[in-house]
1. Which numbered condition trips up VAL117, out of (1) among the aliphatic types (A, V, I, L, M); (2) more than 15 Å from SER215 (Cα to Cα); (3) in contact with a strand residue (DSSP E or B) (Cβ under 7 Å, 6 or more places away or on another chain)?
2. Which pairs do you get when a residue that is surrounded by 18 or more Cβ atoms within 10 Å (Cβ to Cβ), found in the range 146-172, comes within reach of a residue that is at pLDDT below 90 and of a type in the set (Gly, Ala, Ser), reach meaning Cβ atoms under 9 angstrom, with the pair 6+ apart or on two chains?
3. What is the one condition in (1) out of contact with any Ser or Thr (no Cβ under 8 Å at 6 or more places or on another chain); (2) surrounded by 13 or more Cβ atoms within 10 Å (Cβ to Cβ); (3) more than 18 Å from HIS220 (Cα to Cα) that LEU181 does not satisfy?
4. For the range 69-99, how many residues are within 17 Å of the chain's Cα centre (by Cα), modelled with pLDDT of 90 or more and surrounded by fewer than 14 Cβ atoms within 10 Å (Cβ to Cβ)?
5. For the range 207-231: of the residues being surrounded by fewer than 16 Cβ atoms within 10 Å (Cβ to Cβ) and more than 24 Å from VAL101 (Cα to Cα), which is modelled with the highest pLDDT?
6. Does at least one position in the range 99-120 carry a residue that is part of a strand (DSSP E or B) and either among the acidic types (Asp, Glu) or within 15 Å of CYS50 (Cβ to Cβ) (or both)?
7. Six or more apart or on different chains, Cβ atoms under 6 Å: show the pairs whose first residue is in the range 68-85 and part of a loop (DSSP other than H, G, I, E, B) and whose second is at pLDDT 95 or above and buried (at least 17 other Cβ atoms within 10 Å of the Cβ).
8. Taking the criterion of being at pLDDT below 95, farther than 30 Å from GLN87 by Cα, in contact with a Cys (Cβ under 6 Å, 6 or more places away or on another chain) and part of a strand (DSSP E or B), would at least one residue in the range 167-174 satisfy it?
Amino acid sequence: MERVSRSSEAEPFGGPRRFHSSMGLWLIVCCSLLAVACGGDECQRGETKCDNGVAKVCFDSEALSGSYRHWGGDEDCGAPDLCVLTQTDSTNHLAGDPFCVLDPTPDPACITIEHQVPDRSGANVTCAADGATLLFCRDGFIVKRDICASCTKLASSDQLDCSGTFYSPCHSDADCRSGLLCNHDGTAGFCSRPCSCDSSASSCAECSDASGFESAGQAHTVPVCRAGWCSF
């Protein structure tokens, strides 16, 4: 219930004066910006850090009283040891830049290719030693991975083939990675997993790890159950 103060004196325009909510919000924002600016810079230009597992960089911003620097770009890596600062000997990335990794220990397969030219995402791509995992690497660390039925390098190019992944085309169960089956819809098939959850449910425990894809510092897209099969 809205509380309106009234005085014994007559109000102008025949009624109480009310504080406009949008104006109040604007004043709060302005005061907050002024408070930050008056409080001085939180960081120095170009400064970066891993703060308890959160990758942060120093930003320049403008306020009514002038410019100021503050921490931002927060990317939660999930754990303190999963945030890494780029080393000075990095070939493809700026030294000091923080980034999230899936494993705090550099991977041997990633170390082998760390000085190669990265793809458009900024990662170097290779197959893991098990021959069934596609790795996306940065400076020797795994930043993404996808589980395959088989991970191989194509003979005719430098491209890699990660077959049998979730929702990839298939003709039989043998075409899919471990834990998935080939769901035929009459003429074509795709790799998925049978499930018994209600099709209207927003989540299904049976599908929670069906995709097999992980990306450091990002929420995973979890398949749901649709018509008896895990699906996006």
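1. Against the list (1) among the aliphatic types (A, V, I, L, M); (2) more than 15 Å from SER215 (Cα to Cα); (3) in contact with a strand residue (DSSP E or B) (Cβ under 7 Å, 6 or more places away or on another chain), VAL117 comes up short only on (3).
2. CYS170/ALA188
3. The single condition LEU181 does not satisfy is (1).
4. 3
5. The qualifying residue modelled with the highest pLDDT is GLY228.
6. Yes: one or more hits.
7. Final answer for the pair search is CYS77/CYS83; CYS77/CYS100.
8. Yes, the range 167-174 has at least one match.
The values are calculated or read from the model by the stated rules, or taken from the named source; none is laboratory data. In this text the structure is predicted, and so the values were computed from the model without any measurement. Because the Cβ atoms are built from the backbone with ideal geometry, glycine has one as well, and the counts that use them run over all protein chains shown.
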